[in-house]
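The values are calculated or read from the model by the stated rules, or taken from the named source; none is laboratory data. Just so it is clear, the structure is predicted and the values come from calculations on it, not from any experiment. All Cβ positions, glycine included, derive from the backbone under ideal geometry; neighbour counts span all protein chains shown. Just the protein is used for accessible areas: all its heavy atoms, side chains included, with ligands, DNA and RNA removed. Shrake-Rupley method; radii C 1.70, N 1.55, O 1.52, S 1.80 Å.
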Amino acid sequence: MILTDTHTHLYSEEFDQDRTEMIQRAIEAGVSRFFVPSIDSQHTQKMYDLEDQFPENIHLMMGLHPTYVKENYLEELAHVETELAKKKFYAVGEIGIDLFWDKTFLKQQQHAFQYQIQLAKKYKLAINIHCRDAFDEVFEVLDSEKAADLFGIFHCFTGDFGQAKRAIDLNMKLGIGGVATFKNGKIDQFLKDIDLKHIVLETDSPYLAPVPYRGKRNESSYTTLVAEKLAQIYELPLGKIAQITTENSKAVFGI
């Protein structure tokens, strides 16, 4: 059984004490494919070091996270563009709009999101979308860039059924993680009405740990718990969930 964690911040300082052991735990649990999003230039070298350590398992994205869009965001975008031109990445991400913490840089976030979508098209890569308290703003940018070569993952999808359908219509898979196991997560109420071909698994570790670890540090081995929840929702064997969601991830990332 091969499971794929399509979104995990393995370079996070939360893992500084046991990073290698944590990754090995995940591999032993059947999670052998890790897709690592970028957040800003300060973390790039850590990502490269991880890729060097686990070249068969770890696959990198490059992008500027919306909460890191500040006064210097044009320099950060230049860094993204430089890195994309230098080496192979599997997506542009994580990118998008976040209005939960701060609305100060909304215009800059919108510009950064659109600019990076255009970079993804240039390099024929998927995008990996971060959206928090900003569905209308994210869809506005996506609609303006809608095209056959726009595709990717709506990471940590927490919208309603209508928003899910809208994302799928824009060639996006839905990234499903620990929220699906929460009593108040809501997405578990309509997931069965969405064809499994549109779903990929993720943890967003070290954040959003699934039940029974909610509130604690998340890690990639917990992808199995998300898969088990989907097996219940879709009434399918765990192995079938692993197979289909991994195939879906291959369709997005090309590996």
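Exactly one of (1) within 15 Å of the chain's Cα centre (by Cα); (2) buried (at least 23 other Cβ atoms within 10 Å of the Cβ) is unmet by residue 241. Its number?
Going through the list (1) within 15 Å of the chain's Cα centre (by Cα); (2) buried (at least 23 other Cβ atoms within 10 Å of the Cβ), residue 241 breaks only (1).
Just name the residue that is farthest from the chain's Cα centre (by Cα) out of those in region 84-117 that are of a type outside the set (D, E, K, R) and surrounded by fewer than 13 Cβ atoms within 10 Å (Cβ to Cβ). Before you say what the answer is, go through the steps one by one.
Kept after step one, since they are of a type outside the set (D, E, K, R), are these residues of region 84-117: 84-85, 89-93, 95-97, 99-101, 104-106, 108-117.
Keeping just the survivors that are surrounded by fewer than 13 Cβ atoms within 10 Å (Cβ to Cβ) gives 85, 100-101, 104.
Working: 85: 22, 100: 18, 101: 19, 104: 24 Å.
Of everything passing the filter in region 84-117, 104 is farthest from the chain's Cα centre (by Cα).
Applying the selection to region 218-242, what residues are without any contact (Cβ under 8 Å) to a residue 60 or more places away in the chain, over 25 Å from residue 21 (Cβ atoms) and of a type outside the set (Lys, Arg)?
Within region 218-242, 230, 231, 232, 233, 234, 235, 236, 237, 241 meet the criteria.
What are the residues in region 202-238 that are aliphatic (A, V, I, L, M) and within 14 Å of the chain's Cα centre (by Cα), if any?
Matches in region 202-238: 208 only.
Exactly one of these conditions fails for residue 136: (1) within 30 Å of residue 27 (Cα to Cα); (2) open to solvent by 50 Å² or more (accessible area, probe 1.4 Å); (3) not hydrophobic (A, V, I, L, M, F, W, C). Give me its number.
Condition (1) is where residue 136 drops out.
Does region 145-176 hold any residues that are in contact (Cβ under 8 Å) with a residue 40 or more places away in the chain and over 21 Å from residue 246 (Cα atoms), and which are they?
None - no residue of region 145-176 is in contact (Cβ under 8 Å) with a residue 40 or more places away in the chain and over 21 Å from residue 246 (Cα atoms), so the list stays empty.
What are the residues in region 178-205 that are outside any helix (DSSP H, G or I), open to solvent by 10 Å² or more (accessible area, probe 1.4 Å) and touching a residue at least 40 places away in the same chain (Cβ under 8 Å), if any?
204 - this is the single residue of region 178-205 that is outside any helix (DSSP H, G or I), open to solvent by 10 Å² or more (accessible area, probe 1.4 Å) and touching a residue at least 40 places away in the same chain (Cβ under 8 Å).
Is it true that some residue in region 51-63 is closer than 23 Å to residue 170 by Cβ and of a type in the set (A, V, I, L, M)?
yes
Take residue 204 and tell me if it is touching a Ser or Thr at 6+ places or on another chain (Cβ under 8 Å) and of a type in the set (D, E, K, R).
Yes, satisfied.
Can we say residue 167 is part of a helix (DSSP H, G or I), more than 24 Å from residue 40 (Cα to Cα) and touching a strand residue (DSSP E or B) at 6+ places or on another chain (Cβ under 9 Å)?
When the stated conditions are applied, residue 167 passes them.
What is the residue count in region 164-177 for residues that are open to solvent by less than 50 Å² (accessible area, probe 1.4 Å) and either farther than 21 Å from residue 12 by Cα or in contact with a helix residue (DSSP H, G or I) (Cβ under 9 Å, 6 or more places away or on another chain) (or both)?
9
Working only within region 206-215, note down all residues that are touching a Gly at 6+ places or on another chain (Cβ under 8 Å) and open to solvent by 90 Å² or more (accessible area, probe 1.4 Å).
If the condition is that a residue be touching a Gly at 6+ places or on another chain (Cβ under 8 Å) and open to solvent by 90 Å² or more (accessible area, probe 1.4 Å), then 214 is the only one that fits.
Which condition number does residue 155 fail, the rest of (1) modelled with pLDDT under 95; (2) in contact with a strand residue (DSSP E or B) (Cβ under 7 Å, 6 or more places away or on another chain); (3) of a type outside the set (Val, Ile, Thr) being met?
With (1) modelled with pLDDT under 95; (2) in contact with a strand residue (DSSP E or B) (Cβ under 7 Å, 6 or more places away or on another chain); (3) of a type outside the set (Val, Ile, Thr) applied to residue 155, the lone miss is (1).
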